[in-house]
Amino acid sequence: MILKKEERWWNTLMQVAVPFFIAGCGTIGAGLVLGTVKDWDVFVNVSAIFVLVPSLSGLKGNLDMCLASRLSTQANLGNMDSTKEVISMVVGNISLVQVQAIVAATVVSIFAIVINTIADGTVNGNYILLILASAVFTATTTCFVLDFVMVLVIYASHKFKVNPDNVATPLAASIGDIVSNSVLAVTAQYMYEQIQPHNEDKSEVSLWQPIVLMCVYYCMLPMWVFVVWRNRYTKTVLTTGWTPVISALFISGIGGIVLDQAVDQYPGYEVFQPIVNGIGGNLVCVQSSRLATHLHQTAIPGVLPENTRIMEWPWKTWFFGTPAAKVARMLLVLAVLGQTIFMVVADVVYQGIVTVQFAFGLTYLVCSLLQVMVLLYLAYVFIHLMWKKKKDPDNAAIPYLTALGDLLGSVFLGLAFFILSMFGMQYGNNVQ
């Protein structure tokens, strides 16, 4: 165990705040992308695509934030000083994420297909190919790009003596949301155009693009598995890290169903949903990564540090009473300040002018703050529970927390829009 000097609060605040606000720009971009593409043909005619949005964004968060948390822990434990070890660690982890991305994207596609079939009452084989190909391509491409960005950020943070726990996970989400939504929208629309009939009697369709794409990725899967199996840093995760990832996909999928229903009823919902979900996920992952690193540094698996309990009163984890409360207070302040700024900026970019009314602003901030508070408390409980059960929190806790962030954010924001609509104060109703 390596004990490190405790960070000064202002150092922690600065290290968290900078990537947090960069991440906020990414979530605003993700919301604006969703607001732009919601009227594209594929989103209008294939309702399952909306179900994929939170799931794939959450998948990116689950896999890339787990990678960031794992590598941050290794950096804080002093295991990134050898170039050979760094290369082995990076190759193993990137290969692992590719395996998880292919399998998980396939699973979430099947979930979306089932939802689409139930909603439409029919099965369209062409749409099945479209959904599978779009999901697998989006998941693997975004994860591959983000993984390299994460590796560079963590390695640079380690060299410049900045705690990567504070920097890596927000940055993983910052560009991830906008990249994920953009790649999914463009890929799905392209596939949709390709599978449409091209002759007068509408009998000729082109299906070779999605079929070839899926064959390429599924043929590469055994190669990625082989690399991961031979790597000592990732071999155990290959066999034990599936339950949290797959479970989290279904949790995020429920959030996708909420998005699919809300986007038609509440104008502007699709713009703010990625912001609420993304910011909540960013903040809870900072806390989770720090808690996991602290346990790795101060305790052995299965044994909690002295005077630490799994279940604590919520206010002790938010304000005073536990070591985690110091950072939790900062994160709550950042949540309020950040969401206020992001809400106004997203509104101006989307509408062209400031249209946010006091009632909407207050309701929006309450729902987003409530989401972060619930997530921070769950993070404290989950991280210590996983440690007590001798499971690595870096792999086991973050998928659940990011997925719950998507679900809680979607539900709380939906409730906010519903309550406002009851009193005739919907978002944007003062725009002429």
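Let me spell it out: the conditions are (1) closer than 21 Å to Ser410 by Cα; (2) within 24 Å of the chain's Cα centre (by Cα); (3) without any contact (Cβ under 8 Å) to a residue 40 or more places away in the chain, and Val333 meets all of them except one. Which number is the exception?
Every condition holds for Val333 apart from (1).
Determine whether the range 364-387 contains at least one residue that is under 21 Å from the mean Cα position of the chain (by Cα), in contact (Cβ under 8 Å) with a residue 60 or more places away in the chain and not in a helix (DSSP H, G or I).
no
Filter the range 279-312 for residues that are part of a loop (DSSP other than H, G, I, E, B) and open to solvent by 50 Å² or more (accessible area, probe 1.4 Å); which is nearest to Ala379 (Cα to Cα)?
Here the answer is Met311.
Could you check how many residues of the range 373-432 are within 20 Å of Trp313 (Cβ to Cβ) and of a type in the set (Lys, Arg)?
1
If you check Val333 against the conditions, is it part of a helix (DSSP H, G or I) and closer than 26 Å to Leu34 by Cβ?
no
Out of curiosity, is Pro267 part of a loop (DSSP other than H, G, I, E, B) and more than 17 Å from Tyr380 (Cβ to Cβ)?
yes
Based on this model, can you work out whether Thr322 counts as part of a helix (DSSP H, G or I), of a type in the set (Ser, Thr, Tyr) and closer than 29 Å to Cys66 by Cβ?
Taking the combined requirement at face value, the residue does not satisfy it.
Exactly one condition in (1) surrounded by 24 or more Cβ atoms within 10 Å (Cβ to Cβ); (2) under 28 Å from Val348 (Cβ atoms); (3) at pLDDT 75 or above is false for Phe20; which is it?
(3)
How many residues are in a helix (DSSP H, G or I) and either farther than 24 Å from Val108 by Cβ or among the β-branched types (Val, Ile, Thr) (or both) if we restrict to the range 411-432?
Of the residues in that region, 9 qualify.
Scan the range 244-253 and tell me whether some residue there is under 24 Å from Gly361 (Cβ atoms), touching an Asp or Glu at 6+ places or on another chain (Cβ under 9 Å) and crowded, with 16+ Cβ neighbours inside 10 Å.
There is no residue in the range 244-253 that is under 24 Å from Gly361 (Cβ atoms), touching an Asp or Glu at 6+ places or on another chain (Cβ under 9 Å) and crowded, with 16+ Cβ neighbours inside 10 Å.
I'd like the residue in the range 406-432 that is in contact with a Leu (Cβ under 8 Å, 6 or more places away or on another chain) and at pLDDT below 85 and, out of all such residues, is surrounded by the fewest Cβ atoms within 10 Å (Cβ to Cβ).
In this case the residue turns out to be Gln426.
How about the range 218-243: which of its residues are crowded, with 22+ Cβ neighbours inside 10 Å and of a type in the set (Ser, Thr, Tyr)?
Across the range 218-243, the qualifying residue is only Thr234.
Only one of Leu152, Leu146 is surrounded by 19 or more Cβ atoms within 10 Å (Cβ to Cβ) and either without any contact (Cβ under 8 Å) to a residue 24 or more places away in the chain or assigned to a helix (DSSP H, G or I) (or both). Can you tell me which?
Checking each option against the conditions leaves just Leu146.
Has the range 388-410 got at least one residue that is within 29 Å of Ile310 (Cα to Cα), assigned to a loop (DSSP other than H, G, I, E, B) and small (Gly, Ala, Ser)?
yes
The values are calculated or read from the model by the stated rules, or taken from the named source; none is laboratory data. Predicted, not measured: the structure shown is a model, and the values here were computed from it. Backbone-built Cβ (ideal geometry, glycine too); neighbour counts: all protein chains shown. Areas reflect the complete protein model, heavy atoms only, side chains present, ligands, DNA and RNA absent. Shrake-Rupley method; radii C 1.70, N 1.55, O 1.52, S 1.80 Å.
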